[in-house]
Amino acid sequence: LRYTDFINESNSKNVFLFIGRFQPFHNGHLKAIQDLQKHFKAQCIIGQIFTDTPNEKSPFTKDLLKKSLNEVVKNEKIIEHFDFFERGLLPVIVKQIQEQGYNVIGAGCGEDRFKDYKRQMDYMLSSKSDVKVADNFEILITKRYASATDVRNTLKNKDEKSFKELVPKYLNKYYSE
């Protein structure tokens, strides 16, 4: 028997995943998580995708992301915690979360990621996968409420007022970082 054979034990807490780069985390992410929480009726675990190679779409350091996501977890009761991952590979992420004692019941993603995550979900539901999920595991497409590109542009344009409107208030203190 494998650990994943026990994922539906009653002592496992149900959670859903919200996976992304969160460069930076903004109000649109929070609204999407709130929508997902209404559907799944469970808490969220954020899967932070991070590579050590900064680029235009991922300019923030791991330390800054960690500090800001700690603030998110501290302030948002529907978010259980976050973990860092090098890639958005659903089976790897689900397995790591299961090993922490959670039962992952689903995930949310943007329309641009849905096809890839659906393929990965279908693999996990197959007999070929060593990562098992419940048959009712589902992936939902989240509505796009905002864009991290817009938030990064406020930083490029030194537009502190707009930045503070696009991120949760408790993250305003990170504007200068």
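The values are calculated or read from the model by the stated rules, or taken from the named source; none is laboratory data. This one's a predicted model, so the numbers in the text were calculated from it and none came from an experiment. Positions of Cβ are generated from backbone atoms using ideal geometry, with glycine treated the same way; all protein chains shown enter the neighbour counts. All accessible areas refer to the heavy atoms of the entire protein, side chains included, with ligands and DNA or RNA removed. Shrake-Rupley method; radii C 1.70, N 1.55, O 1.52, S 1.80 Å.
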Provide a single number: the residues in region 154-171 that are in a helix (DSSP H, G or I), more than 17 Å from Lys31 (Cα to Cα) and open to solvent by less than 60 Å² (accessible area, probe 1.4 Å).
3
Do you know which of the residues in region 56-66 that are open to solvent by less than 30 Å² (accessible area, probe 1.4 Å) and in contact with a strand residue (DSSP E or B) (Cβ under 9 Å, 6 or more places away or on another chain) is nearest to Cys44 (Cα to Cα)?
Leu65
Of the conditions (1) among the charged types (D, E, K, R); (2) under 21 Å from Phe114 (Cα atoms); (3) touching a residue at least 60 places away in the same chain (Cβ under 8 Å); (4) assigned to a strand (DSSP E or B), Glu80 fails just one. Which one is it?
(2)
Tell me the residue from Arg87, Arg113 that is over 24 Å from Lys38 (Cβ atoms), in contact with a strand residue (DSSP E or B) (Cβ under 8 Å, 6 or more places away or on another chain) and of a type in the set (Lys, Arg), please.
Arg87
Before we move on, is Leu69 hydrophobic (A, V, I, L, M, F, W, C), in a helix (DSSP H, G or I), surrounded by 20 or more Cβ atoms within 10 Å (Cβ to Cβ) and within 15 Å of the chain's Cα centre (by Cα)?
yes
Go through (1) open to solvent by less than 30 Å² (accessible area, probe 1.4 Å); (2) in contact (Cβ under 8 Å) with a residue 60 or more places away in the chain; (3) closer than 16 Å to Leu90 by Cα one by one and return the number of the condition Met121 breaks.
(2)
Within region 10-60, tally of residues that are in a helix (DSSP H, G or I) and under 15 Å from the mean Cα position of the chain (by Cα):
12
For region 93-103, indicate whether the set of residues that are over 17 Å from Asp130 (Cα atoms), of a type in the set (D, E, K, R) and open to solvent by 40 Å² or more (accessible area, probe 1.4 Å) is non-empty.
no
Selection status of Lys77, in contact with a Lys or Arg (Cβ under 8 Å, 6 or more places away or on another chain), of a type in the set (D, E, K, R), closer than 24 Å to Tyr170 by Cα and open to solvent by 50 Å² or more (accessible area, probe 1.4 Å):
no
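Tally time: how many residues in region 129-149 are in contact (Cβ under 8 Å) with a residue 60 or more places away in the chain and not in a loop (DSSP other than H, G, I, E, B)?
3
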Subset of region 124-153 (residues that are open to solvent by 40 Å² or more (accessible area, probe 1.4 Å) and within 30 Å of Tyr175 (Cβ to Cβ)):
Lys143, Arg144, Tyr145, Thr149, Asp150, Asn153
